[in-house]
Amino acid sequence: METPTRSGLLGALVAREFDLLVIGGGITGCAIARDAALRGIPVALVEKDDFGSGTSSRSSRLIHGGVRYLEYGQLRLVFEASAERRLLLRLAPHLVRPLEFVWPVYKGARIPRWKLAAGLTLYDWLALFRNIDRHHRLSPREVVAVEPALRSEGLLGGARYYDAATDDARLTLANAIGAIRAGAALANHTAATRLDMRSGAGAVVSVREMLDRQEFDVRAKVVVNAAGPWSDDVRALERSDAAAAVHSGAAVHGSKGSHIAVPRVRLPTHDAVTLISPIDGRVLFALPAGELTIVGTTDHYTRQSADTVCASEREVAYLLEAANYFFPGRALGRDDVVAAWAGIRPLAVTKQSSVTASREHSIATSPSGVVTVTGGKLTTARRMAADVVDHALEHLGRPVRRTPTANTPLPGGDLESVARAESEATAVLGDPALARHLVAAHGSAWRVVAGDIQRGDDGGQRLHPAFPYTLGEVRYSIRSELACTLGDILIRRTRLAFETPDHAGSAVPRVARTMATLLGWSDARRQAEMTAFDEEIRRIFSIEASQPSDDATPAGLAPGATPFRESSSARPPRDSAPPPAT
């Protein structure tokens, strides 16, 4: 099924009044839009950057029940997340795949073997014994056999258990595309700038298209604030007689989580490994991710801006120290870090620490009628969305119908067998690595992408020799996945910026030329887009030389931030744009 053009979607935003307008295009907002559209509710969504450009593309890339939440008694959350994991494995088998975890236990560990065994038994029980498999206890010899690089000194044994891995950015995109195909009007790079709440008459939301600098209004009966760590910024846009009552306190408390990625050859794990930090006792993961191993994550409250948050040298050192403790002989250093990044979890305000605070979501309606959803996590986005849409329907005085999302595959998810699709793609393309990538990224749409790759003389040209991303896939992303900047392509449609030390820098000129041809960029516009990409890379992958004090609120990057690539720019308006009629 063809995806409508972005200009058509922008035009649709002003063509009618919607029942729901969602502000925020992360995993929660896109899931809400998809749920509403599949129920036949007129719904629109605006996102100031790209779909999933915030926390939803900077996670640990896990779909998991949350075994660590058992320690804090969050049984309902684990039960819900386990059920959602089971659904996602069925509804998006290309994007959500089983992942084995090994949890080693050492002498003197904060969580002893008996407690781990009891916890994993409860974990299986809360999944109704319908996880990928039940957990198994491991002897010290069995742990070392599976993960020979692990520290053996003081090893008492461990366990194997099961969760799932995902591509968080593409999971978010799949929800966005699914919403659009169900009739929703979604626009990335389109920011809400003012909320005019009209008592009993819905809302008029002023928005600005960020690439063309176009401004227009969108009308909706209900506004849903799903902006995650930007939720308080959205609340500040509200203009109504009741606004003063709304802004008496924060809606979210941001918890910063940082990750590092190192080459897999330097930190070779067979499966995912769950670790207890020797520094502060928190749960960490070493996660296989293609040619890389991801180590994360940190967890502490912050008031840093979600627009500029990045990992600090102190956090990188913390993660490296933990990795070196559990994988002796690796001697990982700062030069091994291919990429480091951070996101802010939008937790509901609480007096608990960021570690023990619940990841359950909450929904509230302001006196003027704005519905705000906070909390939650990547795994439970579908359930959160269903609850928000139910709440909105009640607010509208409409009957609440059961959501169809529990039985509707995400785009690309209608596969009988991932392995069979990979075999078929290999036969067509003659390249197993490319075939695996296309199926993992696009599911049943792999044949359409393969057609773009095979079309023309350069469709199969790799963006980087070590990774299976091609110019043909770039063309597909522009035409069918609403990609319109270099960051959309190189950070989120592909993950090349996360996977190379130059953050996809070597691919930028070729991709920019391809985009210029398809989008009609002038030479000046192409150069401006390249400079804007450098700025986006600087924001995401810089590493702060010094960590601001907890709850600090820097105006931008902290003083002393050390970017991997340095530049700054302001993107000019497009040369030619299809402005929506206002």
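Per the conditions (1) over 20 Å from the mean Cα position of the chain (by Cα); (2) part of a loop (DSSP other than H, G, I, E, B); (3) touching a residue at least 12 places away in the same chain (Cβ under 8 Å), the sole criterion not satisfied by T274 is (2). On inspection, L128 fails the criterion of being touching a Phe, Trp or Tyr at 6+ places or on another chain (Cβ under 7 Å) and of a type in the set (A, V, I, L, M). In the list L116, L89, which residue meets the criterion of being at pLDDT 95 or above, surrounded by 22 or more Cβ atoms within 10 Å (Cβ to Cβ), touching a strand residue (DSSP E or B) at 6+ places or on another chain (Cβ under 8 Å) and not charged (D, E, K, R)? Of the residues listed, the single one that is at pLDDT 95 or above, surrounded by 22 or more Cβ atoms within 10 Å (Cβ to Cβ), touching a strand residue (DSSP E or B) at 6+ places or on another chain (Cβ under 8 Å) and not charged (D, E, K, R) is L116.
Here S366, S358 are screened, and the one residue that is closer than 21 Å to T28 by Cα, at pLDDT below 95, under 23 Å from the mean Cα position of the chain (by Cα) and surrounded by fewer than 22 Cβ atoms within 10 Å (Cβ to Cβ) is S358. Taking segment 89-204 as the region of interest, the helices (runs of 4 or more DSSP H) fully inside it that hold 3 or more residues being in contact with a Ser or Thr (Cβ under 6 Å, 6 or more places away or on another chain) are 168-181.
Just one of the listed residues (T28, T55, T3) is closer than 26 Å to R495 by Cβ, among the hydroxyl-bearing types (S, T, Y) and surrounded by fewer than 24 Cβ atoms within 10 Å (Cβ to Cβ), and it is T3. The single condition from (1) assigned by TED's automatic domain parsing to the domain that holds L45; (2) farther than 29 Å from R6 by Cα that Y161 fails is (1). Taking residues in segment 20-42 that are farther than 15 Å from L173 by Cα and not assigned by TED's automatic domain parsing to the domain that holds D217, and partners anywhere that are at pLDDT 95 or above and in a helix (DSSP H, G or I), not one pair has Cβ atoms closer than 9 Å while being at least 6 places apart or on different chains. The C-beta contact set for segment 403-418 (first residue closer than 13 Å to V96 by Cα, second residue of a type in the set (A, V, I, L, M) and in a loop (DSSP other than H, G, I, E, B), distance under 6 angstrom, 6+ apart or interchain) comprises L410/A92; G413/A92. Among the residues of segment 424-437, the one identified as without any contact (Cβ under 8 Å) to a residue 24 or more places away in the chain and crowded, with 18+ Cβ neighbours inside 10 Å is A435. At least 3 residues being more than 30 Å from R334 (Cα to Cα) and in contact with a Lys or Arg (Cβ under 9 Å, 6 or more places away or on another chain) is the threshold, and among the helices (runs of 4 or more DSSP H) wholly inside segment 462-545 those reaching it are 471-480, 508-519, 523-541.
Only a single criterion out of (1) crowded, with 23+ Cβ neighbours inside 10 Å; (2) aliphatic (A, V, I, L, M); (3) under 18 Å from A179 (Cα atoms) is not satisfied by A406, namely (1).
Out of G228, G157, G178, one residue alone is of a type outside the set (F, W, Y) and under 30 Å from K115 (Cβ atoms). It is G157. Taken as a whole, the structure places A421 among residues that are hydrophobic (A, V, I, L, M, F, W, C), crowded, with 16+ Cβ neighbours inside 10 Å and not in a loop (DSSP other than H, G, I, E, B). Within segment 379-393, restricting attention to residues that are aliphatic (A, V, I, L, M) and crowded, with 24+ Cβ neighbours inside 10 Å, the residue that is farthest from G29 (Cα to Cα) is A392.
For segment 393-412, indicate whether the set of residues that are at pLDDT 95 or above and touching a Ser or Thr at 6+ places or on another chain (Cβ under 8 Å) is non-empty. Looking for residues that are at pLDDT 95 or above and touching a Ser or Thr at 6+ places or on another chain (Cβ under 8 Å), one finds at least one in segment 393-412, hence yes.
The values are calculated or read from the model by the stated rules, or taken from the named source; none is laboratory data. Values in this document were obtained by computation on a predicted structure and should not be read as measured data. For neighbour counting, all protein chains shown are included, and Cβ atoms are generated from backbone atoms with ideal geometry for every residue, glycine included.
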